[in-house]
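The values are calculated or read from the model by the stated rules, or taken from the named source; none is laboratory data. A quick note: this is a predicted structure, and the numbers were derived from the prediction, not measured. Positions of Cβ are generated from backbone atoms using ideal geometry, with glycine treated the same way; all protein chains shown enter the neighbour counts. What goes into the accessible areas is simple: the full protein's heavy atoms, side chains included, and nothing from ligands, DNA or RNA. Shrake-Rupley method; radii C 1.70, N 1.55, O 1.52, S 1.80 Å.
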Amino acid sequence: MLNFATVGTSWITESFIEAAIASKQLQLTGVYSRTEEKAKRNANTYNAPYFWTDLEKMAKSPEFEAVYIASPNSVHFEQALTFLKNKKHVICEKTIFSNTAELAIAYQTAEENGVYLFEAIRNIHTPNFNILKEKLHLAGKLRSTMLPYIQYSSRYDLFLQGEEPNIFSAKYSGGALVDLGVYPLYLAVGLFGEPKKVTYHPVMLTSGVDGSGTLVLEYEEFVCTILCSKIAHSELLCEIHGEAGTFVLEDAAPISEIKFIDSHTKESQILSVEQEEQDMVYECINFAKIIETKNDQEYQRFTNWSKIVLRITEEARKQNDIIFASDK
């Protein structure tokens, strides 16, 4: 079992810890917070024997081999480097970094220190994603795809009141595309590969980031349209349209149900299987196995997807002058 520690104290960190415990592959040994009170409380909650308020001291600790980082996007890079240089495997919550320059440096640092760097993105590690990828040929020649992820954020209420939550801030590398759009984007890249052209049409907020947007990915013979928003809500389903049939997904994340509808007979069949309710468990299992077995081939697959996704979001931002503080 792999010992790990965490950086970040939000609900996503709690979810990852619960998934790690459920995976039976990872053992929590310590937590970090900037305040001793919060660090101690979180450690006690999960019976972790260690806690830290100093990131440098934490990185030098022999009590864990891997760290999960779920701090604001803008500080992922600096924190990840600290751990990579101390030969710790890093699992960084999406979006992994602000730009491709940071990603290249971090991957090089990981390689130089003989450790792995992962982006935590839950939907591509699930059994239903693997089923969809395996059965994609049933649709025949692909012609179009619609992948929405439109979810109203309670933090938008704070934004409307004059505050600037991290996720709506250019200073902290926020915005709808990098927060929610990456789920359907990862789905597209994992299924179809890298598009030949990318176009993004955002709805901009006064903070300099996108509150919502439409991302168009052009492939050789079809177009994938991704809708993302944190300032509205939708019940739209995801669909993949081929000449032979259509896949209908209940959501891009989690992929809880996959229905295939034959174009000619109109008959439908459910291809999905029941998954763990805490679906982050699957990424925990995959990361632990790659580390323990040194499966560089599988690691490279996920690495390549992270590179493509970040290239796309960076290109989308450049087209619309969405500039993060980390870009300067």
Contact list, first residue from segment 136-153 and without any contact (Cβ under 8 Å) to a residue 12 or more places away in the chain, second anywhere and open to solvent by 70 Å² or more (accessible area, probe 1.4 Å), beta-carbon distance below 8 Å, six or more apart or interchain, is none
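Among Y156, Y186, Y152, Y107, which is the only one that is modelled with pLDDT of 95 or more, aromatic (F, W, Y) and part of a loop (DSSP other than H, G, I, E, B)?
Details: Y156 fails: part of a loop (DSSP other than H, G, I, E, B); Y186 fails: part of a loop (DSSP other than H, G, I, E, B); Y107 fails: part of a loop (DSSP other than H, G, I, E, B).
Selected residue: Y152, the only one of Y156, Y186, Y152, Y107 that is modelled with pLDDT of 95 or more, aromatic (F, W, Y) and part of a loop (DSSP other than H, G, I, E, B).
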Out of (1) exposed (fewer than 15 other Cβ atoms within 10 Å of the Cβ); (2) at pLDDT 95 or above; (3) more than 28 Å from A170 (Cβ to Cβ), the one E277 does not meet is (2)
Any chance segment 87-106 includes a residue that's free of Cβ contacts under 8 Å to residues at least 24 places away in the same chain, acidic (D, E) and surrounded by fewer than 23 Cβ atoms within 10 Å (Cβ to Cβ)?
no
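Matching residues to (1) over 13 Å from T6 (Cβ atoms); (2) touching a residue at least 12 places away in the same chain (Cβ under 8 Å); (3) surrounded by 20 or more Cβ atoms within 10 Å (Cβ to Cβ):
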position: G30; (1), (2), (3): no, yes, yes
position: K40; (1), (2), (3): yes, no, no
position: N44; (1), (2), (3): yes, no, no
position: W52; (1), (2), (3): no, yes, yes
position: L55; (1), (2), (3): no, yes, no
position: N73; (1), (2), (3): yes, yes, yes
position: H76; (1), (2), (3): yes, yes, yes
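Yes/no per residue for (1) touching a strand residue (DSSP E or B) at 6+ places or on another chain (Cβ under 6 Å); (2) open to solvent by less than 30 Å² (accessible area, probe 1.4 Å):
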| residue | (1), (2) |
| --- | --- |
| A170 | no, yes |
| G174 | no, yes |
| G181 | yes, yes |
| P184 | yes, yes |
| L191 | no, yes |
| T199 | yes, no |
| T206 | no, no |
| L215 | yes, yes |
| C224 | yes, yes |
Practice item. Confirm whether S268 is polar (S, T, N, Q) and either open to solvent by 80 Å² or more (accessible area, probe 1.4 Å) or touching a residue at least 40 places away in the same chain (Cβ under 8 Å) (or both). Key: no
